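I have placed the structure first, in the form of structure tokens, so that the comments after it can refer back to it.
The values are calculated or read from the model by the stated rules, or taken from the named source; none is laboratory data. Since we're looking at a predicted model, the values are computed, not measured. A quick note on method: Cβ atoms are made from the backbone with ideal geometry, for glycine too, and the neighbour counts reach across all protein chains shown. Note: areas computed on protein heavy atoms with side chains; ligands, DNA, RNA excluded. Shrake-Rupley method; radii C 1.70, N 1.55, O 1.52, S 1.80 Å.
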Amino acid sequence: MTTDTCLPPGLITVEQAREQLLQAIVPLRETETLSLEQACGRVLATPATARLDLPPCDNSAMDGYALSGESDGGSYRLVGKSLAGHPFDGALYTGECARITTGAPLPAGADRVVMQEQAALRDDTLTLHTEAKAGDHIRRRGEDVRVGQVLADSGRALKVPEIALLAAAGVSEVTVLRKVRAALLSVGDELKPLGTPAAELGPGDIYDSNRIALKAALAQMDIEVIDLGCLPDAPATIRDALVLARDSADIVITSGGVSVGEADFTRKVLEELGQLDLWRLAIKPGKPFAFGRLPKGKGETLFFGLPGNPVSALVTLYQLVLPALEKLKGAGPQQVFNSRARLLNPIRKSPGRTDYQRGYTWRDGDGIQVVRSTGIQGSHILSGFAEANCFIVLPRKGGSCETGDWVTIEPFQKPLV
Ligand code: AMP
Ligand code: MG
């Protein structure tokens with residue numbers, strides 16, 4: 001076995017941690033039936049199939065004229081009209097035409113459509129300005145979807161285009177996996193709930209911003225949040241809250257109290273109530289991240305202990321909790337979208353931990369993707385995070401980067417946007 005000289009002792013790599021915690025997760029199985037209108041973002045538990053062909057009949061792709069066959073001299077006799085919602089009830093014979101609107105059924109006997117702009121109607125005679133070939137501007141029945149076809153398989157998280165597809169194909173209800181329930185709590189004697197007047201904060205007190213940010217992120221991911229508030233650095237209170245979280249939720253996400261300070265009790269209480277699977281990662285920021293499990297009568301509740309520093313909390317949420325939540329929700333593995341960009345400033349780094357710097361990326365005047373760091377990179381610096389639109393991911397084994405180097409970026413996706 002080769003030793004990894006770049007891995008500081010006692011730390012686990014981000015990749016190993018992600019793999020290990022994903023392996024520990026068993027997706028939810030309980031389902032519920034919802035109207036399609038409520039199902040965006042939810043994961044299908046059973047495949048959704050088409051109730052009809054799409055398009056349901058041959059119809060026109062243009063506003064114009066439906067034509068029957070090729071006519072001598074390029075003119076046709078107008079015999080009727082087919083409007084969307086008001087089909088022509090007769091049939092066309094060679095040399096005849098009917099006015100037609102986009103989406104209106106193609107009259108029987110019609111085999112081509114000419115655009116309105118490419119024909120002139122005088123009295124009942126239509127003269128073409130262009131050649132019309134058989135099949136022109138016709139949308140065929142079933143060319144998009146066939147009745148009975150699987151439109152979205154189980155395990156699929158429904159996005160807006162799928163909602164459109166299912167609605168068009170007559171699927172008004174879907175069976176989805178139930179929402180993940182996440183209990184959320186913050187730990188720290190210095191934390192005060194948002195809404196406390198600033199003048200009432202004691203020396204060193206801060207607002208419990210993590211819980212608000214995490215709640216916003218979880219709401220964007222369709223997670224049901226059980227908010228257990230902010231707790232003091234008191235083991236007995238933390239224990240009671242973790243028991244409540246364990247009994248009411250699928251996962252519990254805490255922030256603060258997982259580091260090595262003398263008041264860091266969250267992890268210790270977890271070890272009393274359950275098991276700690278992972279602690280301390282080779283990640284920057286976010287090293288004190290902890291993952292474990294709280295066994296209960298039926299199964300277990302997953303525990304994610306995020307570091308208290310606000311940037312660390314969100315970076316570890318994004319890099320580790322998010323993939324776990326996707327798996328728990330029943331969705332397949334998510335593709336992480338990343339690309340390369342040219343660095344506009346030097347970055348100091350020592351080998352050892354994967355660094356998720358906050359950056360701002362855009363395409364410059366020459367069409368080159370560039371990125372700059374957004375300000376100071378401390379794990380308490382929220383202004384730079386708020387300004388950022390991507391992570392600059394610096395590999396664990398790498399060192400400092402220079403201006404002009406190509407680096408990996410991960411543009412923010414939900415729930416960071
Ligand atoms: P801890 O992980 O408890 O050692 O906290 C690390 C740092 O994060 C400290 O400066 C805390 O004051 C800060 N912190 C802890 N929890 C929160 C929170 N919920 N919101 C904002 N900052 C926090
Ligand atoms: Mg603390």
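Place a point 7 Å from Cα of S383 in the direction of its Cβ. Which residues in segment 187-214 have their backbone N less than 17 Å from it? Label zone hits: none. Here the contact order of segment 274-417, divided by its residue count and restricted to Cα pairs under 8 Å and six or more residues apart, works out to 24 percent. Tell me whether segment 342-391 comes out rounded, prolate or oblate; compute the Cα gyration tensor, take square roots of the eigenvalues as a ≥ b ≥ c, and use a/c under 1.5 as the rounded threshold. Oblate, since a/c reaches 1.5 and b/c is not below a/b. In units of the rule-of-thumb radius 2.2 N^0.38 Å, segment 24-119 shows an alpha carbon radius of gyration of 1.74.
Taken about its Cα centre, the chain carries a charge dipole of about 960 debye when Lys and Arg each add +1 at the Cβ and Asp and Glu each add -1 at the Cβ.
For segment 134-173, GluC sites (Glu not before Pro) meeting the loop criterion (DSSP other than H, G, I, E, B) and having at most 15 other Cβ atoms within 10 Å: E143. The share of accessible area on segment 98-175 that comes from carbon and sulfur is 47 percent, using a 1.4 angstrom probe. So for the chain, taking the charge dipole from beta-carbon charges (+1 Lys/Arg, -1 Asp/Glu), which of L416, I251, G305 sits furthest toward the positive end? Of the candidates, G305 comes out farthest on the positive side. Normalised by the number of residues in the chain, the average gap of Cα pairs under 8 Å and 6 or more apart makes the relative contact order 16 percent. The modelled label-to-label distance for the pair E117/I368, using points 7 Å beyond Cα in the direction of Cβ, is 4.1 nm. Accessible surface computed residue by residue for the chain, with neighbouring protein chains in place and a 1.4 Å probe, gives 48 Å² per residue. When only the Cβ of Lys, Arg, Asp and Glu is charged (+1, +1, -1, -1), the dipole of segment 325-417 relative to its Cα centre reaches about 340 debye. Solvent-accessible area assigned to carbon and sulfur over segment 186-261 amounts to 60 percent, based on a 1.4 Å probe. Applying the criteria of a DSSP loop state and at most 11 other Cβ atoms within 10 Å to the GluC sites (Glu not before Pro) of segment 12-64 yields E30.
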